[in-house]
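The values are calculated or read from the model by the stated rules, or taken from the named source; none is laboratory data. All of these numbers come straight from a predicted model, not from anything done at the bench. Cβ placement follows ideal geometry from the backbone for every residue including glycine, while neighbour counts extend to all protein chains displayed. These area figures cover heavy atoms from the full protein model, side chains too; ligands, DNA and RNA do not enter into them. Shrake-Rupley method; radii C 1.70, N 1.55, O 1.52, S 1.80 Å.
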Amino acid sequence: MNFKQIKEFIIEKAIFLSGSLSIIFVILIFVFLIKEGALFFKYVPIKDFLTGTNWYPLSTPEQFGMLPLIMGSLLVTIGAMIISIPLGVACAFYIAEVVNPKLKDVLKTGVELLAAIPSVVIGFVGMVTLVPLVKNIFNLPTGLTALSGSIMLAFMAMPTIVSIAEDAITAVPRRYKEAALALGATHWQAMYKVIIVAAAPGIFAAVMLGVGRVIGETMAVMMITGNAAVIPHTFLQPVRTLTATIAAEMGEAIRGSNHYYALFVVGIILFIITFAINFIADVFLHRIKK
Amino acid sequence: MVAGTVKIQTHNFNAWFDKNQVIKSLNMQVYSNEILGIIGPANSGKTTFLKSLNRLNDLDIKFKMDGEVLLDNKNIITAIDITALRKKMSIIFALPLPLPISIFENIVYGPRMHGIKTGLEEIVENSLKASYLWDEVKDRLNESALNLSGGQQQRLCIARSLAVEPEVLLFDEPCSGLDPISTAKVEDAMMELKKKYTIILVTNNVKQAARVSGRVAFFLMGELVEIDFTEKMFTNPQDKRTNDYISGRFG
């Protein structure tokens, strides 16, 4: 083997290794989560875990009912989606279809810049501005509620939704729009009957990725949702999400205790949810490319 | 002589993309119930002229035009209700452009948009019959339009245009992507349609213009070189450039 061939060989293997590393890491993380989490079910039946309504990891006897956490995550996510989907999709349509080309770049950059704000800063801003506002408007004992969390998380989902939905709308063949206009459609009719239909998979993928971002978000929700592990009945109650539970309790859980393993199971659930969401989004994104 | 009345006429019509003048001082008439073929090499302004008629060029911000284009003696350059204009002047593009929905939905798309809610089945049947497609698709109206062959898709697009009850049909090289048999079917449809509609046919295929049109206009570099009855144009053209183009010496 001469020098050139050796060089080729090394570069080829190095690239292969870097390429496979990311996949190996994902698998390792999952295996590790399962390994640690599985021990938990020796002590607590899986049914109690998923349907129990009390999360009291530090009382005696310990209670690990995860329902309040799941409900908390669900409520905040749904709230954030109710706000960010209409706003985000409308914004994407505005940028892709309505605004003039010069302003378009400015707007798109601006929206993507929103993604660059660290979540702790969003949480902090929400804490000092939004939380007192919610408290005063609804006349509540505290402004740390699911609603506050939803509003701030909606901001965090917006860049993902707008950016990907805008790409999907721009990718709709211009000829579809011309065909609709040629039949006497107004701009709006062409948009909602043709462009939305053609861009639907992409818009759906954008929404799913937005959901993924919201569910996985930790810092901002921990700071502004109040962290009370009770099953919420309205948006105006404090809630605790899956993510915030892990972040807040991992530091104080004794290694090897039931509490410690329970947090790993919470991690597994979170992993499964985000994996499923990203997978669905991916399927839809690939559908567009075909 | 031309049988119909004047449907469209232009007076000193000019069009530009940026500073590039693509149509130069065009003066011509189109009569009702005729097929006017427009021939000419690439870049001669044929498609631009067609798209000016239903104002689709407006989508391009670099496009400018002036002069007069009269449809039934109303100037369309200053028309306010562009959607009504586009409903009257239906365009059929070079590549068939079915929307990604079912055959049925493709055809009722236009009528529905204009507020028609009843008798849609009838509209679909009539339009498909008029475009010579009914027999081939009557049993699979709910299938996706994208499953049709190229020639069928083009006839579907014609049916879709007919469903909005236009007055003028603008064909923009409708057979450039089709095989000879599909082409023949589209041409048959056109011959039938001229009884009811005014048709302007832009084509790169000189023989097609000779086959279906009653009169032919020859465009070159944005100018109307000659317009006359098909027979005269192909046997005894007045301008040397027309003769050169038709006999295949350039273009």
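See the values below:
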item	result
Antiparallel DSSP beta bridges within the protein assembly as shown, as percent of all bridges there, nearest 5	60 percent
Packing-based order for A:16-29, B:111-124, using average beta carbon neighbours within 10 Å, highest first	B:111-124, A:16-29
Partner chain coverage, peptide B:73-84 - average Cβ within 10 angstrom	1
Angle between chain B longest axis and helix B:180-193 axis [Cα atoms, degrees, rounded to 10]	90 degrees
Taking only Cα atoms of the range B:24-75, radius of gyration then Dmax in Å	12.0, 34
Average partner coverage of A:92-98, which counts Cβ from other chains inside 10 Å	0
Viscosity 1.567 mPa s, temperature 4 °C, Stokes-Einstein D of chain B from Kirkwood C-alpha radius, µm²/s	70 µm²/s
Degrees, to the nearest 10: B:103-113 long Cα axis against longest axis of chain B	70 degrees
Amide H contacts of B:Ser102 (H built 1.01 Å from N, under 5 Å, at least 5 apart or other chain)	B:Ala145
Only Lys, Arg (+1) and Asp, Glu (-1) charged, at Cβ; the range A:3-43 dipole about Cα centre in debye	80 debye
Three-way shape label, the range A:3-43, alpha-carbon gyration tensor, a/c 1.5	prolate
Contact order relative to length of chain B, as percent, for alpha carbon pairs under 8 angstrom and 6 or more apart	27 percent
Ranked by how many other beta carbons lie within 10 Å on average, peptides A:247-256, B:176-185, B:153-162 from highest	B:153-162, B:176-185, A:247-256
Chain A, relative contact order [Cα under 8 Å, separation at least 6], %	25 percent
Calculated on alpha-carbon atoms, Rg and Dmax of the protein assembly as shown in Å	32.4, 107
Percent carbon-and-sulfur accessible area, the protein assembly as shown, ignoring ligands, DNA and RNA, probe 1.4 Å	62 percent
Of the DSSP H helices in chain A, those whose Cα atoms cover at least 18 Å axially and whose Kyte score averages 0.5 or more	A:3-38, A:67-93, A:146-170, A:196-216, A:258-289
Degrees separating the helix B:150-163 axis from the principal Cα axis of chain B, which is the longest one	90 degrees
Using θ = phi - 60° and Karplus 6.51 cos²θ - 1.76 cosθ + 1.60, couplings along the range B:139-147 (whole Hz; Gly, Pro as x)	8, 9, 5, 8, 6, 5, 5, 6, 7
Solvent-accessible area buried by pairing A with B, both sides, nearest 100 square angstrom, 1.4 angstrom probe	1900 Å²
Size of chain A as Cα extents on the principal axes (Å, biggest first)	77, 72, 33
Accessible area per residue, Å², the range B:171-216 with all protein chains present, probe 1.4 Å	41 Å²
Flagged links, alpha-carbon separation over 30 Å, of B:Lys117/B:Lys207; B:Lys87/B:Lys185; B:Lys129/B:Lys232; A:Lys177/B:Lys46	B:Lys117/B:Lys207; B:Lys129/B:Lys232
3J(HN,Hα) from dihedral phi, the range B:238-243, Karplus parametrisation 6.51/-1.76/1.60, rounded to Hz, x for glycine, proline	7, 9, 4, 5, 4, 4
A:Tyr43-A:Ala276 FRET efficiency (beta carbon distance; Förster radius 22 Å; 0.05 resolution)	0.20
Charge sum, other residues only, whose C-beta stays under 12 Å from B:Met233's C-beta, Lys/Arg counted +1 and Asp/Glu -1	-2
In sequence order, calculated HN-Hα J values of the range B:7-18 (Karplus, 6.51, -1.76, 1.60; Hz; x Gly/Pro)	9, 10, 9, 10, 10, 6, 7, 10, 9, 10, 10, 6
